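This report refers to the structure that appears directly beneath it.
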Amino acid sequence: MTDSHEVTHFRRRRRDIRIGLLIGFCTLALVVWAVVHVVHTNQLVAATIHLPLPVEVLPAAVRTLHVTVGASGTIQPHTTIVMTARVSARVLQVPVDLGYVVKPDDLLAALDERAFAASLETAKVAAVHADNQLSRMETLLKQGYSSPADTEKARTDAVSAHQAVVQAEIDLTNTKVRSPAVAVVLSRTVNPGENTAIGEQLFQLGTIDDVMMLAEVSEDQIGFVSLGMRGEVGTNAFPGETFVGSVVKIGADVSTTTRTFGVYIRIGNKDLRLKPGVTGYARIVANRSGLAVLSTAIINPVGDHATIFVVDQNSVAHIRQLRYGMRAEGLTQILDGLQEGERVVTVGQQELHEGDRVRANLSGPWNNK
């Protein structure tokens, strides 16, 4: 019994020793792994024991950056037309008012035409008389009873008489003020019973077969906008509907109150639904290709001296000043200071210094945008 008990006790001790050794080995391995991991991921620890500092890098590459510039705005006429009086006469009729939509040749105002009709008839009679006089003078010249000078005067009088007929016809036509285009009446300064003066403004029209969305783009976004870019416009008048146009004009001056620039988006309006004054929101889509890096790689991105760290072939970090452009989708366009393919530190750059040795690990996949 005693021998059997001792054997059992010995076996248990041997098993306990094995388990203890296994646990100790696992613990040691875990400690070693933790130390290696800390050294490879913690810059302070790596620096303390004079090992290369762990960083993550990505090569600078050519990417397509997509930016959507948003701005509120108002629908405006494509062009403005000022209608003035071409003759002086009494106003008989004004069939349009503010906000009326008119089409080409629609009547805007009718003036008293009686005096102009009479002037036209008088001019026509005078022209016939001048033609007859010229014919007689040419006959007399052939018979030797008239001088060339008299005949030339008769010819000049005939030409003047016909010019007077043309002018009288124009004056008579101008007693009817008609719309020259598809437009909306923006202002009206004439009423029946008044007398017009030549050159006096009667109406102001805004053409609306095409309209403009005047979008107020903030000054920090205006650099992304260029002529010809696609503009998508939504309006409060037609919720859920998008009107598509293109940028045709960019204002040169910034508003001193709102710090915005006016960007004009031309939109087709054949159904004439969009009227001046309708408010809405414009989205201007900008796509630009260029050298880019992750935005997190840039140090002091809002200062005058934006910088990055570049890792050379010897795993040494060098600080680099650069000039950057647009930023979108986590990427920043690099305009100057970096070459394609150079390895840029994206994680760990805050504790780096010029000339530090690094252990560079490639960051996760960066899909082409």
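Restricting the range 139-242 to chymotrypsin sites (Phe, Trp or Tyr not before Pro) that sit in a DSSP loop and have at most 11 other Cβ atoms within 10 Å of their own Cβ leaves Y145. Accessible surface area normalised per residue over the range 271-354 is 52 Å², counting heavy atoms of protein chains with a 1.4 Å rolling probe. Taking K and R as +1 and D and E as -1, what net charge do the other residues with C-beta under 14 Å from the C-beta of T189 add up to? Net charge around T189: -2.
Based on the Cβ-Cβ distance of N132 and I198, what FRET efficiency does E = 1/(1 + (r/R0)^6) give at R0 = 22 Å, to the nearest 0.05?
0.05
For the pair N314 and A61, a Förster radius of 35 Å applied to the C-beta separation gives a FRET efficiency near 0.95, rounded to the nearest 0.05. Restriction of the trypsin sites (Lys or Arg not before Pro) in the range 268-364 to DSSP coil positions whose beta-carbon has at most 12 other beta-carbons within 10 angstrom yields K270. Separation of the range 83-114 and the range 279-337, taken as the distance between their Cα centroids, equals 60 angstrom. Couplings 3J(HN,Hα) of the range 252-257, computed from phi: 8, 10, 8, 5, 6, 9 Hz, in residue order, whole Hz [Karplus 6.51 cos²θ - 1.76 cosθ + 1.60, θ = phi - 60°; x for Gly and Pro]. Only residues of the range 334-360 count here: report those whose backbone N is under 20 Å from the spot 7 Å along Cα→Cβ of H305, or say none. It comes to 335-338, 345, 349-356, nothing else. If you take all other residues with their beta carbon under 12 Å from the beta carbon of K103, and give Lys and Arg +1 and Asp and Glu -1, the sum is -2. Taking amide hydrogens as placed 1.01 Å from N in the peptide plane, the amide H of M83 sits under 5 Å from those of L202, F203, Q204, L205, each at least 5 positions away in sequence or on another chain.
Give me the net charge of L227's neighbourhood, meaning all other residues with Cβ under 15 Å from the Cβ of L227; Lys, Arg count +1, Asp, Glu -1.
Spelling it out: positives minus negatives among the neighbours equals +4.
Shown here for the range 238-282: chymotrypsin sites (Phe, Trp or Tyr not before Pro) in loop regions (DSSP other than H, G, I, E, B) with at most 15 other Cβ atoms within 10 Å, of which there are none. In sequence order, the range 217-233 has phi-based couplings of 8, 5, 5, 7, 10, 5, x, 8, 9, 9, 4, x, 5, 6, x, 10, 10 Hz under the Karplus curve 6.51 cos²θ - 1.76 cosθ + 1.60, θ = phi - 60°, and Gly or Pro positions carry x. Solvent-free Debye calculation, one equal scatterer per alpha-carbon of the range 233-369: log10 I(q)/I(0) at 0.12, 0.17, 0.18, 0.21 Å⁻¹ equals -0.69, -0.96, -1.02, -1.26. The distance between label points at K142 and Y281 comes to 8.4 nm (points 7 Å beyond Cα on the Cα→Cβ vector). Label zone (D112, point 7 Å along Cα-to-C-beta; backbone nitrogen cut-off 19 Å) within the range 68-103: 85-95.
Spacing of the modelled spin labels on T189 and D150, each 7 Å from Cα toward Cβ, amounts to 5.4 nm.
Apolar share of the accessible surface for the range 80-207: 54 percent from carbon plus sulfur atoms, 1.4 Å probe.
The values are calculated or read from the model by the stated rules, or taken from the named source; none is laboratory data. Please read all numbers here as calculations on a predicted model, not as lab measurements. Every residue, glycine as well, gets a Cβ built from its backbone with ideal geometry; the counts of neighbours run over all protein chains shown. Surface areas here come from the heavy atoms of the whole protein model, side chains and all, with no ligands, DNA or RNA. Shrake-Rupley method; radii C 1.70, N 1.55, O 1.52, S 1.80 Å.
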